Amino acid sequence: MTGPAPRPSEHDVALVTARLGRLPAGAFTVAVRAADGSPSVIANAPLLADGTPMPTRYWLVDPHLRDAVSRLESTGGVRRAEASVDEDELAAAHRGYALERDALVPDDHSGPRPSGGVGGTRRGVKCLHAHLAWWLAGGDDPVGRWVAAQLGLGPGGAVPPPDAAGPGSPTTGGRGASQAGL
């Protein structure tokens, strides 16, 4: 991860709001940008403004990738991903994700803390979107890597040509996309 990221622009907030269908529930930065400069992955703060824990650090907001991952999930992708990756490597990914997120919780925070690893789970695979988002942002995630391979994202995060991947595919920061932490 690089140093602290700048706050998202008003344009970023408007795009993320439109893509989520609601205002973001907490503070975020843009972790990965698409070739057109729009947000592809956001990095959420570990706590909402009221102190509620936010377990999902990285959120996939690119509509083309989100739809592609949804199609993969709808055809048994979660089960296939879990069967395809090494259990110990997946457990290590969950621990690494949680450590990164938890390091951002203020030392003086006395309320509930986020829990779990990728997608808020401690074991196995819950959400391919969350795994791909973290992998795109530079995380060492075997499931994210598996999803990228299924979608035709190249080695090191290289994406297929725009006509193959669709507009908005990430090409700058993280794995070839503009990356920044909170």
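FYI, it's all coordinate maths here, none of it is from the lab. This one's a predicted model, so the numbers in the text were calculated from it and none came from an experiment. Cβ sites come from the backbone with ideal geometry, for glycine too, and all protein chains shown count toward neighbours.
General observations
- Ordered by the number of other Cβ atoms lying within 10 Å of each residue's own Cβ, fewest first, Thr121, Thr56 fall into the sequence Thr121, Thr56.
- Across the range 54-63, rounded Karplus estimates of 3J(HN,Hα) from the backbone phi angles (6.51 cos²θ - 1.76 cosθ + 1.60, θ = phi - 60°) give 10, x, 8, 6, 10, 10, 7, 10, 5, x Hz, Gly and Pro being marked x.
- Computed 3J(HN,Hα) for the range 36-50, one whole-Hz value per residue from the Karplus formula 6.51 cos²θ - 1.76 cosθ + 1.60 where θ = phi - 60°, is 7, x, 6, x, 10, 9, 10, 10, 7, 5, x, 9, 6, 4, 8, glycine and proline marked x.
- Residue by residue, the range 89-96 carries 3J(HN,Hα) couplings of 5, 5, 4, 5, 5, 4, 5, x Hz when phi is fed to the Karplus relation 6.51 cos²θ - 1.76 cosθ + 1.60 (θ = phi - 60°); x denotes Gly or Pro.
- A simple count of charges around Ala103, restricted to other residues whose Cβ falls under 13 Å of its Cβ and scoring Lys, Arg +1 and Asp, Glu -1, yields +1.
- Between Met54 and Leu47, Leu48, the built amide H atoms are under 5 Å apart, and every one of these is 5 or more places off in sequence or on another chain.
- For the range 95-146, the extents of the C-alpha atoms along the principal axes are 38, 20, 15 Å, listed from largest to smallest.
- The Kirkwood hydrodynamic radius of the range 10-172, based on inverse pair distances between different Cα atoms, is 16.0 Å.
- Evaluated over the range 33-106, the Cα radius of gyration and Dmax, each in Å: 15.0, 40
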